[in-house]
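I have placed the structure first, in the form of structure tokens, so that the comments after it can refer back to it.
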Amino acid sequence: MNILSRSDLRNRLKKREFAPVYLLFGAETYLRDIAAKTIAELILADSTLREFNETEFSLGSFDQLQYALASAEQLPMISSYRVILVTNVIVSANSKKDTLREEDEALLLKYLNNPAKTSVVIFLADEIDKRRKISKLLLAKSVAVEFTELGDNESIEWTKTKIKELNIEADERAIRHLIALVGNNVRRLTTEIEKLSVAALPDSLITFELVETLVPNSRELSNFELTDYLLSKNKVKALEVLKKILDDGVEPLMLLGLVASNFHRLLLSKELMRQGVERREVARIMKLPYGKQEDFLATARRTDTTELTKFLQRIFETDLAIKTSRGTPRLQIEMLVCELAAF
């Protein structure tokens, strides 16, 4: 099973080395989608009837795989190739969410053993469990490319390239602050860069202050989400959000401080509202993100003061445990989330 990287695929495409079947998968879905589009554009560059030679099928509906492979067997129209895009491919760990199922194996194997010479089939997988039999089949008999999330240095270089493409400029400090706020999600980075490029006119310069003003902190928003799940006693969702935040590179001790800050703000908001301070003024004092104000204040109103105090006490105890090296920081915060979600 030879899985290519993004750069491997790029090098092959530069040499115009095309495969009859591709499997594109991984956490970085924006670059995955761009890769699929690039493959299609290179293959159909000389096609005068592209709309007749490019077809998309979304799995999940009845017999879509069968229709997709049957379409791949058709001859192209006034072109050398056809491109078949198969989206919404899911092979999950427990099979409940599967759109590509074990019963599809015979149909898939038949095509993969003898793919059409005049078609290129591109499978776009939203989830692919490499342990499953049908996943192994697809990985073994296609050119598989994994799109992993960018590291911080890769994100910086990608951001610089995107900014240059838009004919604008940004200093290093502004770029690093943008990535600190957004993280390494290229789809979101693209959206924020495009928004900033418009706001940067007429000087065409993205400054640190412009980023600070216009770009919301996605890591802070995830922290709000974690707090919501803890208070609603949803342990499964709380652990999912916790894993995402930690996997994004946030230090456990820093995250603990952010969570403590959230509960402290809930406690202060509750007290301010009890004193009759207007909702808008409370939101201003607490510096709440606009899109989270209503939910945050509603949570403060309905949550018992004693419960919030207990939460803060356990957070402070975990902080001390981490600083005195009682177990790994990640394990300590995972245990805390399980405990708080069961309060």
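The numbers here are math on the coordinates, done by the rules we state, and not lab data. Since this is a predicted model, take the numbers as computed values, not measurements. Ideal geometry is used to build each Cβ from the backbone, glycine not excepted, and the neighbour counts take in all protein chains shown.
Shape summary of region 1-111, radius of gyration then Dmax from alpha carbon positions: 14.8, 44 Å.
Near I34, once Lys and Arg are set to +1 and Asp and Glu to -1 for all other residues with Cβ below 12 Å from its Cβ, the sum equals +3. Per-residue ellipticity at 222 nm computed for the chain from its helices equals -18000 deg cm²/dmol, with DSSP H segments shorter than 4 residues left out and the rest contributing -39,500 (n - 2.57). At R0 = 35 Å, how high is the FRET efficiency between E240 and D8 if r is their beta carbon distance? Nearest 0.05 is fine. In this case the efficiency is close to 0.65. Only Cα pairs under 8 Å and 6+ residues apart enter the sum, and on that basis the relative contact order of the chain stands at 16 percent. Taking Lys and Arg as +1 and Asp and Glu as -1, the other residues whose beta-carbon sits under 12 Å from that of D304 total +3. Protection proxy ranking for 134-145, 168-179, using the average of other Cβ atoms within 10 Å per residue and placing the highest first: 134-145, 168-179. Amide H to amide H distances under 5 Å link L205 with E169, where only residues 5 or more positions off or on other chains count and H is placed in the peptide plane.
Helix 152-165 and the longest principal axis of the C-alpha atoms of the chain enclose an angle of approximately 70°. A DSSP coil position with no more than 14 other Cβ atoms inside 10 Å describes the following GluC sites (Glu not before Pro) in region 255-302: E278. Centroid-to-centroid, using Cα positions, region 140-164 and region 97-130 are 25 Å apart. For S47, neighbours were defined as the other residues whose beta-carbon sits under 13 Å from its Cβ, and their charges (Lys and Arg +1, Asp and Glu -1) total -2. In the list (i) 20.8; (ii) 23.5; (iii) 27.3, the label attached to Kirkwood radius over Cα pairs in Å as derived from the coordinates here is (ii).
So how far, in whole Å, is the C-alpha centre of region 1-23 from the one of region 266-287? That distance is 56 Å. Taking amide H as placed 1.01 Å from N in the peptide plane, the amide H of V121 sits under 5 Å from that of V21, Y22, I84, each at least 5 places away or on another chain. For region 1-61, applying the loop criterion from DSSP together with a ceiling of 14 other beta carbons within 10 Å to the GluC sites (Glu not before Pro) yields E17.
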